[in-house]
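Only one structure is covered here, and it is reproduced in the block below.
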Amino acid sequence: MSNEFKVACVQNCAADDLAANLAAAEELVRAAAADGAELICLPEMFSLIAPSDRELLEASAPERTPGGEVNPALQRLSALGEELGTWLLLGSIMVRAGHGRMHNRGFVIDPHGQVTARYDKLHLFDVGLSSGETYRESEFVTPGESAVTVTLPWGTLGMSICYDLRFAALYRALAQAGAQFLSVPAAFTRTTGKAHWHTLVRARAIETGCYVFAPNQCGTRPWGRATYGHSLIVDPWGEVLADGGEQPGFVSASIDPARVHEVRSRIPSLGHDRAFATERHGEAALAGTGTGD
């Protein structure tokens, strides 16, 4: 599993029209496949973003109903992957979980249209930004409980989603579990993207000696939610191989799995972990600095 391959990251601007979003995503996947991509990665929530999480819940569907009906986004992209004979990373689909909850769930689809891996987002985006933007993903989303790797024809992929990017320990664990590639599908906000996206994606590559595939949504929805774009493909040394800019489309790059071994041989930090204690000093001295009466 050391052959070179071509990866593509699709960049779209999903809103609250499922049919339109799927049509746009399909067009971009077809274009990436025609360009020779063998693994095509889509962003987080590529099929649907709604003005509120409650509306998103109401519009969501289970992965599969008791009667056997498959989630429409999953069904359509699985059929497309089979038709094109490509591997697909479905960055995430909001999957109804019952009891007023959802999973933010990513999928890997093989060239036969079969699901080979599922990953439920571990870290949920509960933040209030200085710009006035507030997100409370945990209000309607149940977090995952496991890190996930999946074997591809070229090596092992470690899966993550968006806000996970800020938790470096997850990526170290994935790399130490055998991942040579990391996926970070996202709908990163424009505010946080401008500040941190490139730095964090490159850092995860450098820390682990992995390639990072980071498809991100772009554009502004009618109700004002803006995502940053700049889908990235980064090599294990932290070099940006492709940057999607701010418009819908896709970017691609040739991936050489041998590059992972080369970089890790130079700096074998994944094998240098040491247990350590944490000491805290200064409390007693600070307690004695009060002036009193």
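Computed values, structure above
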| read-out | value |
| --- | --- |
| The listed residue being surrounded by fewer than 18 Cβ atoms within 10 Å (Cβ to Cβ) and modelled with pLDDT under 95, out of LEU286, LEU270 | LEU286 |
| Residue count, region 232-242 (criterion: open to solvent by 50 Å² or more (accessible area, probe 1.4 Å) and touching a residue at least 24 places away in the same chain (Cβ under 8 Å)) | 2 |
| Residue within region 191-198 that is free of Cβ contacts under 8 Å to residues at least 40 places away in the same chain and open to solvent by 70 Å² or more (accessible area, probe 1.4 Å) present | yes |
| Filter result (outside any strand (DSSP E or B) and within 14 Å of LEU200 (Cα to Cα)) within region 225-257 | HIS230, SER231, ASP235, PRO236, TRP237, GLY238, GLU239 |
| Residues of region 205-231 satisfying the condition of being open to solvent by 10 Å² or more (accessible area, probe 1.4 Å), closer than 30 Å to GLU55 by Cα and in contact with a Gly (Cβ under 9 Å, 6 or more places away or on another chain) | GLY219, ALA226, TYR228, HIS230 |
| Verdict on VAL251 being open to solvent by 10 Å² or more (accessible area, probe 1.4 Å), hydrophobic (A, V, I, L, M, F, W, C) and either under 22 Å from LEU28 (Cα atoms) or modelled with pLDDT under 95 (or both) | yes |
| Close pairs from region 50-73: first farther than 14 Å from PHE107 by Cα, partner aromatic (Phe, Trp, Tyr) and crowded, with 17+ Cβ neighbours inside 10 Å, Cβ under 6 Å, at least 6 apart | ASP53/PHE140; LEU57/PHE140 |
| Some residue of region 124-134 being closer than 20 Å to GLY158 by Cβ and open to solvent by less than 10 Å² (accessible area, probe 1.4 Å) | no |
| Every residue from region 157-187 that is open to solvent by less than 10 Å² (accessible area, probe 1.4 Å) and in a loop (DSSP other than H, G, I, E, B) | SER160, ILE161, ALA179, VAL184, PRO185, ALA187 |
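The values are calculated or read from the model by the stated rules, or taken from the named source; none is laboratory data. A quick note: this is a predicted structure, and the numbers were derived from the prediction, not measured. Here the Cβ is made from the backbone with ideal geometry for all residues, glycine too, and neighbour counts use every protein chain on show. Just so you know, the surface numbers come from the protein's heavy atoms only, side chains and all, with ligands and any DNA or RNA stripped out. Shrake-Rupley method; radii C 1.70, N 1.55, O 1.52, S 1.80 Å.
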